[in-house]
1. Could we say that Val267 is touching a Leu at 6+ places or on another chain (Cβ under 6 Å) and among the hydrophobic types (A, V, I, L, M, F, W, C) here?
2. Restricting the search to region 277-303, which residues are in a loop (DSSP other than H, G, I, E, B) and within 20 Å of Leu182 (Cβ to Cβ)?
3. Suppose we keep only residues that are touching a strand residue (DSSP E or B) at 6+ places or on another chain (Cβ under 7 Å) and either of a type in the set (Val, Ile, Thr) or not assigned by TED's automatic domain parsing to the domain that holds Ser271 (or both) within region 177-207. Which one would you say is surrounded by the most Cβ atoms within 10 Å (Cβ to Cβ)?
4. Just checking, how many residues over region 218-271 are at pLDDT 95 or above, surrounded by 15 or more Cβ atoms within 10 Å (Cβ to Cβ) and among the hydroxyl-bearing types (Ser, Thr, Tyr)?
5. Tell me which residues, restricted to region 275-326, are among the hydroxyl-bearing types (Ser, Thr, Tyr) and closer than 14 Å to Glu173 by Cα.
6. Do you know which of the residues in region 57-66 that are free of Cβ contacts under 8 Å to residues at least 60 places away in the same chain and within 17 Å of Gln116 (Cβ to Cβ) is surrounded by the fewest Cβ atoms within 10 Å (Cβ to Cβ)?
7. Consider Ile263 carefully, then state whether it is assigned by TED's automatic domain parsing to the domain that holds Cys168 and touching a Ser or Thr at 6+ places or on another chain (Cβ under 8 Å).
Amino acid sequence: MDMQEIWAQLRESSKHTSPPRSDLTAPPPTETEFSPDPIIAAEPQAPKPKLLDQVRRTMRVAHYAIRTEQAYVDWIRRFILYHNKRHPNEMGAVEITEFLTDLAVAGKVAPSTQNQALSALLFLYQQVLKRELPRIDAVRASAPVRLPVVMSVSEVRRLFESVPEGLCQLMIELMYGSGLRLLECCRLRVKDVDFARRQIIVREGKGDKDRAVPLPELLTERLRQQIETVRRQHQLDIQAGSGHVWLPHALAKKYPQANRELIWQYVFPSSRLARDPREADGLLRRHHLHETSVQKAMRDAVVKSGLNKKISCHTLRHSFATHLLDSGTDIRTVQELLGHADVSTTMIYTHVLQRGAAGVRSPLDRL
């Protein structure tokens, strides 16, 4: 059979076959021609975090201090309980005003305490719930002018003699010698002690500011010994598979090995390891000594010394500033050492100079 006969048979057979059905002109398929798609089960949605967890998360994103976070969460909880556990979305400026007024009238709180409660509630509504509030016209607690409690040089000496030797004694003397706040002293790291320049760098102090303060010569050798003790303890921690310390912000991610370096360790470490509540990695870290240990040592020393003044750890800072001014140090220098934003805050310590009550002779002494 030649090729012409083959092509003739193919053309003849194509006449008796129906043309292929186009998809555009084809009738819709019946139920028997296909099976319906199976029902896709919706993925279970994660439960919405609780309100206080939302507050914590928002504050951590904004890098608030852990103490500020704890204080704000506590005030928000008290606000909700005060209004019989109503959700803050159901309340507003009226309920906030009522709560703040009750704090001032019935609770008789200090002005700073009431302001802290207001700041916590404003953060809740503006940053977490994304609601703007009108003016809050609560009864405000009065702010009396108070002079700081200051010890004399002899009283400071009596206090130090009453503190037992050890870590707390070194911290108490350092707070007076450098004008440190209690938490600034507790959070001091090895890298921030500069023996060559005889200074201490305070990192992220109040207001998230850094400053330099003097390193007392009398404490230099004891601080060297303390850092050597920290080094030995850190080596033991590393050998045990730990040696981690908490790092601020994202330094732990940027420098993964930095949290095991000696320079980042606390000068006054805790005696035991603990897990940081802000971290989800579950690592055991050696945090700094808890401030309540220093406060207890301070209270015991005050009682033992027999000083008849209301003395706390912050009194050491007041005494540091007052004694510097009394010795002739410029007030601007004292302002920088204390980390005050306004010199008017530092001027409160001038009440001990030869001006004011201490510089006036009583008329009774002239009789």
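The values are calculated or read from the model by the stated rules, or taken from the named source; none is laboratory data. Computed from a prediction, not measured in an experiment: that's the story for all the values here. Don't worry about glycine lacking a Cβ; one is built from the backbone with ideal geometry, like all the others, and counts go over all protein chains shown.
1. yes
2. Correct list: Arg286, His287, Leu289, His290.
3. Filtering region 177-207 for residues that are touching a strand residue (DSSP E or B) at 6+ places or on another chain (Cβ under 7 Å) and either of a type in the set (Val, Ile, Thr) or not assigned by TED's automatic domain parsing to the domain that holds Ser271 (or both), the one surrounded by the most Cβ atoms within 10 Å (Cβ to Cβ) comes out as Ile200.
4. 1
5. Answer for region 275-326, where residues must be among the hydroxyl-bearing types (Ser, Thr, Tyr) and closer than 14 Å to Glu173 by Cα: Ser312, Thr315, Ser319.
6. For region 57-66, the residue satisfying everything is Ala65.
7. No: the conditions fail for Ile263.
Okay, residues lined up against (1) within 27 Å of the chain's Cα centre (by Cα); (2) in contact (Cβ under 8 Å) with a residue 60 or more places away in the chain; (3) more than 30 Å from Leu170 (Cα to Cα):
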position	(1), (2), (3)
Ala110	yes, no, yes
Gln114	yes, no, yes
Leu118	yes, no, yes
Tyr125	yes, no, yes
Leu129	yes, no, yes
Pro134	no, no, yes
Ala138	no, no, yes
Pro144	no, no, yes
Ser154	no, no, no
